[in-house]
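Q: Below is a structure I'd like to ask you about.
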Amino acid sequence: MAQALIEVERKFVPGPETEDRLRELGGTLEHRVTFRDSYYDTPELSLMRADHWLRQRENSGWEFKCPGTAGVSGPHTEYRELTAEPAIVAQLYEVLGAEVLGAESVTAVLGPLGLQEVASFVTSRSAWKLVLSRGDKEEHSLRVDLDTADFGYAVGEIEALVNKEAEVPAALEKINKLSSMLGVLAQEKAPAKLITYLQRFRPQDYQRLVEVHSSREKPQGTKDARQ
């Protein structure tokens, strides 16, 4: 089975000049797209409370985000991304402590595992790609997503994908460098769309996440959080 990529990301509040600044820095607008994301969990939020995030994206499939080791502190997040359904199902069994049912389809195990939709919203996104250069050495590209959700919340995300934990510090250095170039304050933190959705429309669930994660910071989206 292919190793899951590690996603290192930082969220920020975009301004009206953010796209112009990305162009000035040599960024390329790859596409503009609109999609619906639906998130699933148990009624007790067993996944989110354990910092795991199960999402189905319209016309794209399932994704399960699992926490990384987070060896470097700061206003960023680090997750392993699983997109192969058999791998997602296996991880769901493990996180939920459930008996293995044998099914390899996420849809097939939603009911047996007590998973239900807890949030669904539409996002309009402009996706940018930018390569930072150091001297004559070209670095791996960074992705910048500028999102606006249909409930009126806008957030930006700078993301790097790496293959192993040893590559995380270098990826984080590039993310922080670009953040500074975009005028993002060093310790600025912006909640993810999902966390903001829960805060506005499911405040009791949001409060439960805050209480569970209070010993660390706040849930994924308030310490940062998933798109």
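Q: Kindly list the number of the only condition in (1) touching a helix residue (DSSP H, G or I) at 6+ places or on another chain (Cβ under 6 Å); (2) closer than 24 Å to residue 48 by Cα that fails for residue 151.
A: If we test residue 151 against (1) touching a helix residue (DSSP H, G or I) at 6+ places or on another chain (Cβ under 6 Å); (2) closer than 24 Å to residue 48 by Cα, just (1) comes out false.
Q: Hey, any hits in segment 81-96 for a residue that's surrounded by fewer than 18 Cβ atoms within 10 Å (Cβ to Cβ), part of a strand (DSSP E or B) and modelled with pLDDT of 95 or more?
A: no
Q: Then there's this: List, please: which pairs have Cβ atoms under 7 Å, are six or more places apart or on different chains, and start with a residue in segment 40-53 that is surrounded by 18 or more Cβ atoms within 10 Å (Cβ to Cβ) and end with one that is part of a strand (DSSP E or B) and aromatic (Phe, Trp, Tyr)?
A: 47/53; 52/64; 53/39
Q: Separate question: Of (1) modelled with pLDDT of 95 or more; (2) more than 21 Å from residue 52 (Cα to Cα); (3) open to solvent by 40 Å² or more (accessible area, probe 1.4 Å), residue 133 satisfies all except one. Which?
A: (1)
Q: Being open to solvent by 30 Å² or more (accessible area, probe 1.4 Å) and in a loop (DSSP other than H, G, I, E, B) is the filter here; which residues of segment 183-208 pass it?
A: 183, 185, 186, 187, 188, 189, 191, 202
Q: Would you confirm, using the coordinates I've provided, whether residue 7 is out of contact with any helix residue (DSSP H, G or I) (no Cβ under 9 Å at 6 or more places or on another chain), under 24 Å from residue 124 (Cα atoms), open to solvent by 30 Å² or more (accessible area, probe 1.4 Å) and modelled with pLDDT under 95?
A: no
The values are calculated or read from the model by the stated rules, or taken from the named source; none is laboratory data. Since the structure is predicted, the reported quantities are computational estimates derived from the model, not experimental observations. Quick reminder, even Gly has a Cβ in these numbers, built from the backbone with ideal geometry, and neighbours come from all protein chains shown. Just so you know, the surface numbers come from the protein's heavy atoms only, side chains and all, with ligands and any DNA or RNA stripped out. Shrake-Rupley method; radii C 1.70, N 1.55, O 1.52, S 1.80 Å.
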